[in-house]
Amino acid sequence: MEIPSIQLSLEHIEELDFTCPAAKKSINIGKEIIPVKFVVNIYPDVKRDYFKLITGVRYIRRRNFIGQELLFYRIAVVYKIEKLKDFVKLENSQVTVDTRLLALLLSISIGSMRGMLALRTQNTVFKNYPLPLINVSEILTSMNITDSEGIWENLNIYYNN
């Protein structure tokens with residue numbers, strides 16, 4: 001099977017959300033395990049050959065079975081992809097994206113988010129909790145496409161400082 005060449009350009013990166021209630025207080029994380037929930041939303045526009053990928057993270061403290069959000073961060077990355085219709089299929093409000101393309105876009109988006117988050121948290125307790133390296137293959141295997149927006153929140157990463 002011939003692997004098609006992917007012609008793409010990164011068109012736009014935008015910060016969507018940054019909330020960090022923990023930055024307003026002098027919070028001590030110490031040796032706590034901090035789950036980091038990874039969020040992905042995809043919005044392909046095959047007619048115009050644009051693909052928007054939103055990636056985000058939630059740092060959550062769990063105490064007494066109650067989750068307290070310490071940090072929430074999301075960015076949108078828009079790509080222009082030549083002949084996007086060759087890589088994305090939309091049928092009955094379900095979306096199927098070529099795994100090679102999605103792996104490439106996720107790698108770029110996660111790397112961008114990691115750098116942007118490091119800048120945003122440089123004066124907070126989270127300067128010591130950078131977004132870890134994320135195995136894109138693990139994300140792809142955990143994804144279960146449920147609708148045309150493609151929303152996944154299945155990956156948890158744990159910090160144990």
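Quick notes on this structure:
- Considering segment 115-134, and only residues there that are in a loop (DSSP other than H, G, I, E, B) and either surrounded by fewer than 18 Cβ atoms within 10 Å (Cβ to Cβ) or hydroxyl-bearing (Ser, Thr, Tyr) (or both), the residue that is modelled with the lowest pLDDT turns out to be Pro132.
- In segment 1-30, residue modelled with the lowest pLDDT [restricted to those that are among the polar types (S, T, N, Q) and exposed (fewer than 10 other Cβ atoms within 10 Å of the Cβ)]: Ser26
- Any hit, segment 56-74, residues being charged (D, E, K, R), on the phi > 0 side of the Ramachandran plot and in contact with a strand residue (DSSP E or B) (Cβ under 7 Å, 6 or more places away or on another chain): no
- Selected residue (only one of Asp98, Asp45 is at pLDDT 90 or above and either on the phi > 0 side of the Ramachandran plot or out of contact with any strand residue (DSSP E or B) (no Cβ under 6 Å at 6 or more places or on another chain) (or both)): Asp45
- Residues that are in contact with a helix residue (DSSP H, G or I) (Cβ under 9 Å, 6 or more places away or on another chain) and part of a helix (DSSP H, G or I), drawn from segment 93-103: Thr99, Leu101, Leu102, Ala103
- Considering only residues in segment 44-82 that are charged (D, E, K, R) and under 19 Å from Val136 (Cα atoms), the one that is nearest to the chain's Cα centre (by Cα) turns out to be Arg74.
- Only a single item in (1) at pLDDT below 90; (2) exposed (fewer than 12 other Cβ atoms within 10 Å of the Cβ); (3) not in a helix (DSSP H, G or I) is not met by Arg58, and it is number (2).
- A count restricted to segment 68-95 and to residues that are under 19 Å from Leu8 (Cα atoms) and open to solvent by 80 Å² or more (accessible area, probe 1.4 Å) stands at 5.
The values are calculated or read from the model by the stated rules, or taken from the named source; none is laboratory data. This one's a predicted model, so the numbers in the text were calculated from it and none came from an experiment. FYI the Cβ positions are ideal-geometry reconstructions off the backbone, even for glycines, and counts take in every protein chain you see. To get the accessible areas, we keep the full protein, side chains included, count just its heavy atoms, and leave off ligands, DNA and RNA. Shrake-Rupley method; radii C 1.70, N 1.55, O 1.52, S 1.80 Å.
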